[in-house]
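Have a look at the structure below, then the notes.
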Amino acid sequence: MAVQPAYELRRVELDAAEQLSQLGAKSFQQAYADTHSTEHLAAYCGKHYSVEKVRSVLDNEHAACCVAYREADPIGFYVLQNQSSPAGFPKLTCELKQIYVLASEYGCGLGQLLYWDAIASAAEFGVDTIWLCVSTINYRAQAFYRKLGFVELGAGPLLEVGSDRLNSWILSAKL
């Protein structure tokens, strides 16, 4: 039986913006290296993982962010935001905006560990439903979320990575 790596999860605040910016860009580029060009990945990361953009997320009282560490190294994270769903749920829900781990951690259980911590954070917001958007070509993420009980609600927004345009699904799960 393989030994599970030791991970530490920490909720992060504004002082972690630079670290989270770097981790977000690196994990996104690793996740999509086979799907998008280097230029498109760089454009996406420049827009979505700039230090300023990350600060605005960390400064949002309706958001929670957690970073996973192995020893002192950041290796994964999630961002959860307490907001309405585009699928028309009758009350506030939480969107799992991002959950990414470095490629070195694929298959080690870190994604599930981050997910269950996000569920605990969502419960603290007092919601009973969590939702997310996932690219229709991100089969690994779709399988991960379906294994956790997510169901497809319908078509999501168009996702832009550089000039690449991707369709998405909205998935949801009850807490």
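Throughout, read-outs are computed from the coordinates displayed, never taken from laboratory work. Quantities reported herein were computed from a predicted structural model and do not represent experimental measurements. As a convention, Cβ positions derive from the backbone with ideal geometry for all residues, glycine included, and neighbour counts pool all protein chains shown.
Straight-line reach from Lys174: taking Cα to Cα under 20 Å and skipping same-chain neighbours fewer than 8 places apart, the aspartates and glutamates in range are Glu95, Asp117, Glu124, Asp128, Glu152.
The lysine pair count for region 1-149, using Cα distances under 18 Å and pairs eight or more places apart or on different chains, is 5. When a/c is below 1.5 the answer is rounded, else prolate if a/b is larger than b/c, else oblate, so apply that to region 22-175 with a ≥ b ≥ c taken from the square roots of the Cα gyration tensor eigenvalues. It is rounded, given that a/c, with a ≥ b ≥ c, falls under 1.5. Across region 98-105, computed HN-Hα scalar couplings (Karplus, 6.51 cos²θ - 1.76 cosθ + 1.60, θ = phi - 60°) run 8, 8, 9, 10, 5, 4, 5, 9 Hz from first to last residue, x flagging Gly and Pro. Per-residue 3J(HN,Hα) values for region 25-30, derived from phi via the Karplus relation 6.51 cos²θ - 1.76 cosθ + 1.60 with θ = phi - 60°, read 5, 5, 5, 5, 4, 5 Hz in sequence order (x marks Gly and Pro).
Near Asp59: Cβ cut-off under 12 Å, other residues only, Lys/Arg at +1 and Asp/Glu at -1. The net charge is -2.
DSSP assigns beta bridges within the chain; of those with both partners inside it, close to 95 percent run antiparallel.
Between the amide H of Ser84 and those of Thr93, distances stay under 5 Å, these residues lying 5 or more places away or on another chain, with hydrogens modeled in the peptide plane.
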